[in-house]
Structures are given as C-alpha cells and as structure tokens.
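Here the structure comes first, spelled out in structure tokens, and everything after it is commentary.
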Amino acid sequence: MGHPEVWGTAGGRLLIVGLTGGIASGKTEVDRELERLGLPVVDADVLARQVVEPGTPTYDTLVRQFGDCVLDAHGCIDRAALASIVFGDEEKLGQLNSITHPAIFQEMIRRVTERAETLRDGEVPAIVVDAALIVDAGVSGVFDLIVVVTADVETRVRRMTSERGMSQAEARGRIGAQAPDSQRKATADIVIDNDSTIEELYRRVLEAFERIAEQARRDYS
C-alpha cells in the first residue's frame with residue numbers, strides 16, 4: 001500500500017488512484033465530476049502538453065529527434081503531426097515515449113507530492129491520476145486502486161467521428177492500437193460504464209467517489 005518507492009513520502013499519506021480507459025471512453029467527463037466531488041485529478045494528457053512547451057528540455061529533444069516537421073506555424077509541437085509520424089512505427093513510438101514519459105512522470109510525482117503536502121483537514125486523502133496507458137504500459141501495480149472507464153466500441157467510434165473529426169478507419173485504428181477493455185477490466189477495482197446517459201454516468205461516478213473516499217479515510221486518516 002502507498003508504493004513509497006514510486007511516489008515518495010506522498011505514497012504513505014494518500015490513496016493514489018489510477019484512472020484509465022480507451023480513447024473516447026469518457027475519462028475527461030469522469031475527471032470533471034470527480035473534481036467537482038472533491039478529488040483532485042492529475043491528467044497525464046494535460047501534462048504531456050505542458051512538458052513539450054517551447055523552452056522545455058523535452059521540446060528541444062523532440063525537435064532534435066524528429067525535426068522541424070513536428071512544429072506548427074507558431075513553433076509549438078504539433079501533436080497531430082507527431083502522432084502521424086509514430087503511429088504504427090514501433091521504433092519511432094519507442095523513441096517518442098523514451099523522451100516524453102520520464103518528463104511526464106516527474107511532473108506527475110510533483111503534483112502528487114504537492115497534494116500530500118497541502119492536504120487540509122476534512123479533505124479526502126486521495127488523488128486521481130488519469131493516464132490512458134496504465135494497462136498498456138503494465139504499471140497498474142503502482143496505484144492503490146484502479147478505476148476503468150469503458151464504453152462500447154461503436155459508441156467510441158461515433159464520438160471520435162462526430163466530435164474529433166476522425167474517419168471511421170482512423171477511429172477504429174486508434175482503438176485497435178490500444179489494450180482492449182477486457183484487459184483493462186481484468187486490472188480494475190472499479191469499472192465505470194459510460195454507454196448510457198450523462199445522468200447515469202454521474203451516478204456511477206458518485207458511487208466510485210464514495211468507495212474511493214471510504215478506502216482513503218480508512219487507510220490514510
């Protein structure tokens with residue numbers, strides 16, 4: 001419990017929850033609701049954008065590795081262009097991950113530590129780390145609790161084509177490149193199905209929050 005070998009002293013003071021799910025499963029909406037209920041969320045995708053901003057060491061390394069073709073008109077990293085370069089190319093994807101993952105994880109640890117050091121009386125001693133590749137990367141074991149957000153493949157394809165402008169082929173390719181929901185569910189302590197209404201999703205998130213809060217107060221108060 002706590003995994004101080006990963007999270008340092010924060011691992012002994014907080015329930016550290018890993019939240020994951022496939023692309024377009026609805027993790028962002030779950031994050032918003034958990035934060036509204038009082039649980040801070042560290043979103044690895046947000047960190048991934050921040051650690052590659054111009055002027056950061058990660059930005060400089062990416063440009064050296066992949067060239068100016070990964071920059072947009074403003075000199076920022078064009079994530080879509082970068083994704084198109086590495087998608088389907090294991091060697092280049094490995095290069096990208098070796099550059100960005102350490103920086104993301106370092107910032108993740110900083111946020112978790114900050115939560116532990118600023119925790120106030122009455123707050124739930126927990127934090128949620130949203131990372132799409134927790135299962136894919138085989139790091140489920142560093143979290144105290146795993147929450148998996150799921151949605152039917154056709155639902156996810158519809159969201160990706162209507163909300164993100166992807167083609168059906170691109171959407172299915174992105175889904176197929178990730179771990180299947182069956183593999184994620186095998187690691188899950190809590191599963192939040194997101195195939196129904198937004199009201200039903202909020203009800204399920206509330207149930208998850210209550211379970212997280214109960215365990216966090218039992219183990220860390």
Task: Residue, surrounded by the fewest Cβ atoms within 10 Å (Cβ to Cβ), within the stretch 195-217, restricted to residues that are modelled with pLDDT of 95 or more and over 18 Å from V41 (Cα atoms) - done: E199
Task: Scan of the stretch 166-179 for residues that are surrounded by 13 or more Cβ atoms within 10 Å (Cβ to Cβ) and of a type outside the set (A, V, I, L, M, F, W, C), ordered by number - done: E170, R172, G173, R174, Q178
TODO: Those residues that are acidic (D, E), modelled with pLDDT of 95 or more and in a helix (DSSP H, G or I), I need them from the stretch 30-65; list them, please.
DONE: D31, E33, E35, D60
Open item on the list: Just checking, does the stretch 126-141 include any residue being of a type outside the set (F, W, Y), under 22 Å from E214 (Cα atoms), out of contact with any strand residue (DSSP E or B) (no Cβ under 6 Å at 6 or more places or on another chain) and in a helix (DSSP H, G or I)?
Closed with: yes
Task: Checking V52 against (1) touching a strand residue (DSSP E or B) at 6+ places or on another chain (Cβ under 6 Å); (2) in contact (Cβ under 8 Å) with a residue 60 or more places away in the chain; (3) more than 17 Å from D193 (Cβ to Cβ), the condition it does not meet - done: (2)
Task: Condition check for A24: at pLDDT below 95, in a loop (DSSP other than H, G, I, E, B) and either within 19 Å of the chain's Cα centre (by Cα) or over 17 Å from A137 (Cα atoms) (or both) - done: yes
TODO: Residue by residue through the stretch 181-221, note down the ones that are out of contact with any helix residue (DSSP H, G or I) (no Cβ under 7 Å at 6 or more places or on another chain), in a helix (DSSP H, G or I) and under 23 Å from A10 (Cα atoms).
DONE: A208, E210, R211, I212, A213, E214, Q215, A216, R217, R218, D219, Y220
Open item on the list: Looking at the structure I just gave you, is V142 within 30 Å of R13 (Cβ to Cβ), surrounded by 20 or more Cβ atoms within 10 Å (Cβ to Cβ) and of a type outside the set (D, E, K, R)?
Closed with: no
Open item on the list: Can you tell me which residue is nearest to the chain's Cα centre (by Cα) among those in the stretch 145-180 that are part of a loop (DSSP other than H, G, I, E, B) and farther than 23 Å from A48 by Cα?
Closed with: A151
TODO: Confirm whether A81 is touching an Asp or Glu at 6+ places or on another chain (Cβ under 9 Å) and small (G, A, S).
DONE: yes
Open item on the list: I'm trying to understand the selection: among the residues of the stretch 112-124, which are surrounded by 17 or more Cβ atoms within 10 Å (Cβ to Cβ) and either touching a Lys or Arg at 6+ places or on another chain (Cβ under 9 Å) or over 23 Å from R184 (Cβ atoms) (or both)?
Closed with: T113, R115, A116, L119, V124
Task: Residues of the stretch 45-87 classified as more than 24 Å from D130 (Cβ to Cβ) and charged (D, E, K, R), total - done: 4
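The values are calculated or read from the model by the stated rules, or taken from the named source; none is laboratory data. As the structure is a computational prediction, the values presented were derived from the model and not from experiment. Glycine gets a Cβ as well: all are built from the backbone with ideal geometry, and neighbour counts include every protein chain shown.
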